[in-house]
Amino acid sequence: MTAPPTAAEYKAGGRCVPSRAWARAMTASWASPLRRRPRRHLLVLAGAGAAALIVAAALGFGGSPPPSPTGPVPAATATVQRGTLTQTQQVGGLISYGEPVGLVAQQQSGVLTWVAAPGTTVKIGQPVYAVDGRPVVLLHGTATPYRTLATGTVGSDVKELEASLQELGYTGFAVDDTFDAATASAVQAWQAKSGLPAQGTVSPDQIFVHDGDIRVALQAIPVGSHLGLQPNQQVLTYSGTTQVASIPLDVSLQHLVHTDDPATIALPTGQRLDGTVSSVGTVAQTIEEQNKTFVTVIVSFGDPSALAGGFDSSPVTLTIVTGQRANVLTVPVTALVANPDGGYAVQTVQNGQSTFAPVTTGMFANGTVEISGAGITEGVTVRVAQ
């Protein structure tokens, strides 16, 4: 596991810039750089055994086209189909709980006496760590604690405190931006139950505020460490509690992926889950040793509970639709025969006879090719190589 990041920090409603260590982990399974083409749909495949993209290639047979046979109709045939042809490419990434970020201790002194274990989900009202035996409790919100909240204090941080107390079941006060006597009474009751001094005031070192529950990733310093020996000392790293797919997407492909694009994930067990692109990074990162510059794409899943009990981290492949042709005629690429003068032909079969018909090729994708030409219509039978 990579060392804890030291600079990243989540902000509510904002985006986290991936650390270099996190970037290296994600780019380990990158596919080759892809060409630019219009975006249509996304597919995420999990596990090292994900099927590789079938790259369509014309099969040249060389020589002059043989004369039209007059014998029985060849057994290996296919029909010209009309439909949509889709071309895709793949990029590697990871399923995880997101990039861990550091929790910086607010205490200026004291001894770290307890830390929630890695892998633990800490919910609102539960302790995250303890200093000198006093817990630091998780509350929900987005305002960073920076002052002591007491009777007479007014602000959005007061409203978030009251909202958390209400979520924990405390009553008798209004959820507004004013810390009054009723708020102080509820705070005292909460502090007594939480193992904090029941003073009716809340200092920044008593709480950790986050916009949701957290999952502990790593313990940054051991229990028994003295705090305050250096500024901004991290106690642990944490992430969200929901697994997502993090994809380091080459910046040349950024225009192909958009927020709310559909996605699908296939687990190593073969199970498939629907997902959606929840964010596309706007800050480019560079891995110098790989000479790659990327933005991070996050794919969330419609049913995160389906991942419960599975992998904490797993390779995935994001398949991007790089091109699409609608309402075109297609045949298997094995139906193409190379003309000596350039271009291709197909061997059509009608009324027990076969004839070579020159065709113009278009998009190749997934073992099929777009064709057009005189006499080429939907339903025409063509010979294919076996």
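The values are calculated or read from the model by the stated rules, or taken from the named source; none is laboratory data. Owing to the predicted nature of the structure, the values given are computational and were not obtained by experimental measurement. Positions of Cβ are generated from backbone atoms using ideal geometry, with glycine treated the same way; all protein chains shown enter the neighbour counts.
Taking the criterion of being free of Cβ contacts under 8 Å to residues at least 12 places away in the same chain and part of a helix (DSSP H, G or I), the residues of the stretch 192-232 that qualify are Ala192, Lys193.
Could you tell me whether the stretch 200-216 includes any residue that is aliphatic (A, V, I, L, M), assigned by TED's automatic domain parsing to the domain that holds Lys159 and modelled with pLDDT under 95? No, because not a single residue in the stretch 200-216 is aliphatic (A, V, I, L, M), assigned by TED's automatic domain parsing to the domain that holds Lys159 and modelled with pLDDT under 95. Specify the residue that is nearest to the chain's Cα centre (by Cα); the eligible residues are those in the stretch 130-167 that are outside any loop (DSSP other than H, G, I, E, B) and touching a residue at least 60 places away in the same chain (Cβ under 8 Å). Looking at the filtered set, the residue picked out is His140.
Residues of the stretch 168-187 that are farther than 17 Å from Asp157 by Cα and in a loop (DSSP other than H, G, I, E, B): Gly169, Tyr170, Thr171, Gly172. Looking at Ile298, Ile287, just one residue is touching a strand residue (DSSP E or B) at 6+ places or on another chain (Cβ under 8 Å) and modelled with pLDDT under 85, and that residue is Ile287. Selection of the stretch 275-291 for residues being within 24 Å of Tyr97 (Cβ to Cβ) and either hydroxyl-bearing (Ser, Thr, Tyr) or not in a loop (DSSP other than H, G, I, E, B) (or both) yields Gly275, Thr276, Val277, Ser278, Ser279, Val280, Thr282, Gln285, Ile287.
Looking only at the stretch 242-270, count how many residues are within 15 Å of Asp303 (Cβ to Cβ), in contact (Cβ under 8 Å) with a residue 60 or more places away in the chain and of a type outside the set (A, V, I, L, M). Break it down stepwise before answering.
So in the stretch 242-270, the residues within 15 Å of Asp303 (Cβ to Cβ) come out as 242-245, 262-267, 269.
Imposing the further condition that a residue be in contact (Cβ under 8 Å) with a residue 60 or more places away in the chain reduces the set to 242-245, 262-267.
Among the residues that remain, those that are also of a type outside the set (A, V, I, L, M) are: 242-243, 262, 264.
Looking only at that region, the number is 4.
Within the stretch 292-323, being farther than 18 Å from Thr259 by Cα, of a type outside the set (D, E, K, R) and in a loop (DSSP other than H, G, I, E, B) holds for Ala308, Gly309, Gly310, Phe311, Ser313.
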